[in-house]
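Below is one structure, written out as structure tokens; the observations come after it.
The values are calculated or read from the model by the stated rules, or taken from the named source; none is laboratory data. Only a predicted model underlies this, so the values are computations on that prediction, with no experimental measurement involved. We place every Cβ from the backbone using ideal geometry, glycine too, and count neighbours over all the protein chains shown. Keep in mind that these areas ignore ligands, DNA and RNA; they rest on the heavy atoms of the full protein, side chains included. Shrake-Rupley method; radii C 1.70, N 1.55, O 1.52, S 1.80 Å.
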Amino acid sequence: MNEHSFIIFIYIYMTSMSDKKIRILKATEKLLAMYGFHGLSMQMVAKEAGVAAGTIYRYFEDKDDLLHQLYDHILTHVASQVTQNLSDDMPLKERFRTMWLNIWNMANQEDAPLINRGQFENLPRRNGQEQHQLEKKLFAKVNQLFDEGKTSGQFKQLDNEILSVLSLEPGACLARKHINGVFKVDDASREAAIEASWDAITQH
């Protein structure tokens, strides 16, 4: 998928949702961050979203479907944020640094509670080929980065998922510690973290 097609895909996905559906998804995300899965009810979501309880079932079959669609909604947001300001003609390291900083900035946003609290990974998602294809499509540029790095011999010959865990995900983890006041990261420390993340996946 080229950059133009990806932008069209994201635009169609985001504009295809009604305002009420987006409000329901955002309300669900906020409540999950506050109360967790077991403390969530459809009535709570309806109240937080400012809609009638029956309205939710116009868009979601049940609570499981709501959580599955929330996962896809957040994943689409993550993909669009991670791939901002990227172009294929950038040097490999510049693309990597851009992605790392995009993840850092996204994890510092107050309007992404499940991400900046590290809870997104715990959301239930659908299994199956369709889900796999969606994730592959959304993160095509991330996979392209790792594939090019391995083909050129710059990156270790590891699965892309492992390369991501070693190099990009630390940006989100560090940002959460920063925003929660656990550990303050200044500009110099952040740059050092980017270098260390790059070093973790490059051949020596």
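Annotations
- The range 108-119, subset open to solvent by 20 Å² or more (accessible area, probe 1.4 Å) and at negative phi, residue modelled with the highest pLDDT: ASN108
- Residue pairs meeting the criteria (Cβ under 6 Å; at least 6 apart or on separate chains; first within 16 Å of THR76 (Cα to Cα), in the range 117-128; second outside any loop (DSSP other than H, G, I, E, B) and modelled with pLDDT under 80): PHE120/LEU114
- Scope the range 31-61; condition at pLDDT 90 or above, under 27 Å from HIS132 (Cβ atoms) and open to solvent by less than 70 Å² (accessible area, probe 1.4 Å); matching residues: TYR59, PHE60
- Matching entry among ASN105, ASN122, ASN127 (being within 12 Å of the chain's Cα centre (by Cα), exposed (fewer than 15 other Cβ atoms within 10 Å of the Cβ), in the same structural domain as SER197 (by TED's automatic domain parsing) and on the phi < 0 side of the Ramachandran plot): ASN105
- The residue of the range 138-185 that is least open to solvent (accessible area, probe 1.4 Å), among those that are closer than 20 Å to GLU121 by Cβ and among the charged types (D, E, K, R), is ARG176.
- The set of residues from the range 81-100 being buried (at least 16 other Cβ atoms within 10 Å of the Cβ) and modelled with pLDDT of 90 or more comprises VAL82, THR83, LEU86, LEU92, ARG95, PHE96, ARG97, THR98, MET99, TRP100.
- Of all the criteria given as (1) within 22 Å of PRO124 (Cα to Cα); (2) touching a residue at least 60 places away in the same chain (Cβ under 8 Å); (3) hydrophobic (A, V, I, L, M, F, W, C), the one not satisfied by LEU67 is (2).
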